Amino acid sequence: MAASLYLVAGKVTDSVTHGFLPAAARLGLDVVLLTDRPADHAKVFPGRIVTCDVTDFREIVAHIDADRSADPRAIFTNSDWLQAPVALAAAYFSLPGKDWRAATRTKNKALMRTHLRDLDPVFTANADHPGDAPFPLVLKPREGVASEDVVLVHGAEELAARRAEIRERRKDPLVVEEYLPGRLHTLETLGDTTGEMRVLGSFHTRLSPPPHFIEERLEWAPPPPETTQVIEQLHALGVGFGACHTEFVVHEGRARLIEVNYRVIGDHCDFLMADLLGIPLFEQILSVHLGEPLPPQAQHPRRHAVAEVVLAERAGTLTEAPGAQELTHGHVRIAYRPQRAKGDTIEITNTNRDYLGTIRAIGPGQNEVEAAIARFRAAHDWTIA
């Protein structure tokens, strides 16, 4: 009976297609891909695909239990939406996995704030009943992703108008939170079954001007001194095992969580981090789900790295755009991966879904990296007609 990795996925992502699936092959694992979008995955994955309601842990358990041709070694997902059901399925089979309660707390922003109220109180409320809200507030879906429908509001009338506008597109719960000022950072961590949670690194994030919160650029930077406060809050949430991408602001010596994404960082920054650190990142993430301890920590390189997105500036049809490529400018390595293809219809959403592609650059210093990114942009056109 073959030892199998059951990889649970919703939509097709580059992290799974070009990261975790090749990593599983390099580890010698037979992959069974469980998904509710089998036709989409079949276009990019030639292996075994099983149709499954991946949002329901009972269905995941039933499909794996019925699969007598394989011995489950690990059950894994890189999806925000699927962490809790996959954690429950892993627990059913006594396999290494995340705590389903921590996965639930981190996905549900209201639960996260409630759980941390003694450690870091942040005003939060149901957006339909905000009470005595301390404006300005951030209006957001309770379980949203990609900055979608996240907007800064300054008063009750604006809140009502924005809420009504969002309700035309979605019916899931909305929350409001007090606006947390400060410099935005990320913390990238990876933990194993021994209880070690290792800090892999940190990015400084540049956002679009308010009222929206589009991540335009992530720049590798040393974790700020306040990182210990972030780790304390993660431990309080029960976060530790596996990969985690945490966003937080630092203001006047205080670190405050914005959101916790209990999976590896996305938008191609996972590939950037693997290249920069010189580690098989995707294999290491899968290995801890196989019950293996983290390898000895590599020394952080003295290099500079940036992930800069190309944003759509208007709606229309993408008629000109570069394809995926890797090249070198002097001592700087550039990698570009498109997120939209020529012929795609573009709609402006004021979210991370407006990305046309991501430029990744790694070099010896900031000046060299900035110059290489500028040259790449000048050499290519992104045209929306």
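The values are calculated or read from the model by the stated rules, or taken from the named source; none is laboratory data. This structure is a prediction, so every number in the text was calculated from the model and none was measured. Methodologically, a virtual Cβ is constructed for each residue, glycine included, from the backbone with ideal geometry; neighbour enumeration extends over all protein chains shown. Each accessible area value is taken on the protein alone, full model and side chains, heavy atoms only, with ligands, DNA and RNA left out. Shrake-Rupley method; radii C 1.70, N 1.55, O 1.52, S 1.80 Å.
Residues in region 339-352 include at least one that is over 23 Å from the mean Cα position of the chain (by Cα), outside the structural domain of R73 (by the TED database) and either of a type in the set (K, R) or closer than 23 Å to L218 by Cα (or both). Kindly establish whether A89 is in contact (Cβ under 8 Å) with a residue 24 or more places away in the chain, in a loop (DSSP other than H, G, I, E, B), open to solvent by less than 20 Å² (accessible area, probe 1.4 Å) and not assigned by the TED database to the domain that holds P209. So A89 fails the test.
Quick one: how many residues across region 157-206 are more than 24 Å from L257 (Cα to Cα), touching a residue at least 12 places away in the same chain (Cβ under 8 Å) and surrounded by fewer than 14 Cβ atoms within 10 Å (Cβ to Cβ)? Going through region 157-206 one residue at a time, the tally reaches 3. In the set (1) crowded, with 19+ Cβ neighbours inside 10 Å; (2) part of a loop (DSSP other than H, G, I, E, B), the condition left unmet by L119 is number (1). Summed over region 328-341, the residues that are free of Cβ contacts under 8 Å to residues at least 40 places away in the same chain, farther than 20 Å from T13 by Cβ and either open to solvent by less than 50 Å² (accessible area, probe 1.4 Å) or assigned to a strand (DSSP E or B) (or both) give a count of 1. Can you confirm whether T189 is hydroxyl-bearing (S, T, Y) and in a helix (DSSP H, G or I)? No; evaluated as a whole, the condition is false for this residue. With respect to the conditions (1) in contact with a His (Cβ under 9 Å, 6 or more places away or on another chain); (2) open to solvent by less than 20 Å² (accessible area, probe 1.4 Å), F271 falls short on a single one, namely (2). Of the candidates G28, G19, G97, the single residue that is surrounded by 20 or more Cβ atoms within 10 Å (Cβ to Cβ) and part of a loop (DSSP other than H, G, I, E, B) is G97.
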